[in-house]
Ligand SMILES: NC(=O)c1ccc[n+]([C@@H]2O[C@H](COP(=O)([O-])OP(=O)(O)OC[C@H]3O[C@@H](n4cnc5c(N)ncnc54)[C@H](O)[C@@H]3O)[C@@H](O)[C@H]2O)c1
């Protein structure tokens, strides 16, 4: 007997499968990637997510997680959760190919009693499309015979096990019974279940990310404006936020990651303000170029210069490089013919040791605010390896010196004050 199947054992699906198993459900995990399945079967998490390695070992010992590479096997459970990737095409349109493929594999094996819960992030209208597809192809009465709901994932990477039991679980079911079926499944986690319509669930998820993406675009634009005006962005941010009771502005940085970078396109597909969110994206996407231009203004031609990039992940202390702007930054530096070295202690991609990347660098960019790159001790170690003439670029203010662009010697003088 299988209680629930999870299709797509990625950063969302695998922690979810483990969490269901941890609550006592018998889980079938389905993925098409043989390497991923082999790693899980061997008891090794294929990526970092706080607490999940120990959980995988516990769940494996309890024998409550089975694995398969066939989507059709998912129908062994009455409840099927889809956690497949949903990228966007460059056409400003959701790419549903993985979901369509999974639906086609499920079509012949679905039967009355099955519930399909879409956990992936999807464009408005997708849940109704999936329900319509099943109704059209198999004649099911959705919400009565077969159930379809959207229960979006809103957990931040690194916080899955903490937030699965606390974040309100939004559920948008199609027809009469779908919301209740999906709500019952997710109620094992103990977080409040909030029932709504499918399209409202879809919008709530996408706009959760749009809000974050736009929130970070503002300080990023301010950082670029400050450079034009010869102003210090961190001082302006402090002036805005200090003892001001009506909200505050966030800090600048390389804002990216697979979710933030694409989810706004699901809204732009049919926007009433076409271009507004594209402008937000353009601001965030232009930060690497802004940094490279700022470096060139200070150092001139980069073709004989060594640049050290610290951090390849898109997020602090994460091993996730998907859609990280560090790679764009490196590509842009390479197009200036700079010799680029990179160091990241978290990601699986091979990078140079800290000392090798920094020794003799003319410019150092803190591209990810990993804890290893934060605070005065990190600044001291960097300056020691580069020497006083190196330009230190720190849009996050990770080093705490309050300067986006400054020479190591200037920073040493500032910290000695
Ligand atoms: N990563 C996050 O932090 C996060 C947060 C919230 C929402 N989301 C959303 O959740 C969804 C999943 O994201 P993710 O980061 O887990 O993606 P992912 O790419 O890490 O995982 C997708 C998994 O599905 C597998 N897969 C692809 N096609 C398949 C098929 N046809 N059959 C079986 N397996 C297949 C892949 O091998 C991969 O393991 C996306 O819609 C994403 O936008 C992600």
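Coordinate-derived values only; no laboratory data. For clarity, every value in this text was computed on a predicted model and none was experimentally measured. Cβ coordinates were reconstructed from backbone atoms using ideal geometry, including for glycine residues, and neighbour counts include every protein chain displayed.
One table, with the values for the structure above:
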{"read-out": "Dimensionless Rg/Rh of the range 264-335 - Kirkwood Rh, Rg from C-alpha atoms", "value": "1.08"}
{"read-out": "Size-normalised alpha-carbon gyration radius of the range 191-240, reference 2.2 N^0.38 Å", "value": "1.78"}
{"read-out": "Residues 187, 68 arranged by fewest to most Cβ contacts within 10 Å", "value": "187, 68"}
{"read-out": "Inter-label distance, nm, simple model (7 Å from Cα along the C-beta direction), residue 417/residue 141", "value": "7.5"}
{"read-out": "Largest-first principal axis extents of the Cα set of the range 360-404 (Å)", "value": "22, 18, 16"}
{"read-out": "Spatial separation of Cα centroids for the range 345-410 and the range 1-80, in angstrom", "value": "39"}
{"read-out": "Label-point gap, in nm, between residue 41 and residue 349 - each point 7 angstrom along Cα→Cβ", "value": "3.0"}
{"read-out": "Mean Cβ count within 10 Å, highest first, over the residues of peptides 406-417, 262-273", "value": "262-273, 406-417"}
{"read-out": "Label-to-label distance, nm, for residues given as residue 33 and residue 156 (7 Å Cα→Cβ offset)", "value": "2.4"}
{"read-out": "The range 178-321, relative contact order [Cα under 8 Å, separation at least 6], %", "value": "23"}
{"read-out": "When the chain is reduced to its Cα atoms, the Kirkwood hydrodynamic radius in Å", "value": "23.2"}
{"read-out": "Reciprocal mean inverse distance between Cα atoms of the range 196-312 - Kirkwood radius, Å", "value": "16.3"}
{"read-out": "Reciprocal of mean inverse Cα separation for the range 301-415 (Kirkwood radius, Å)", "value": "13.8"}
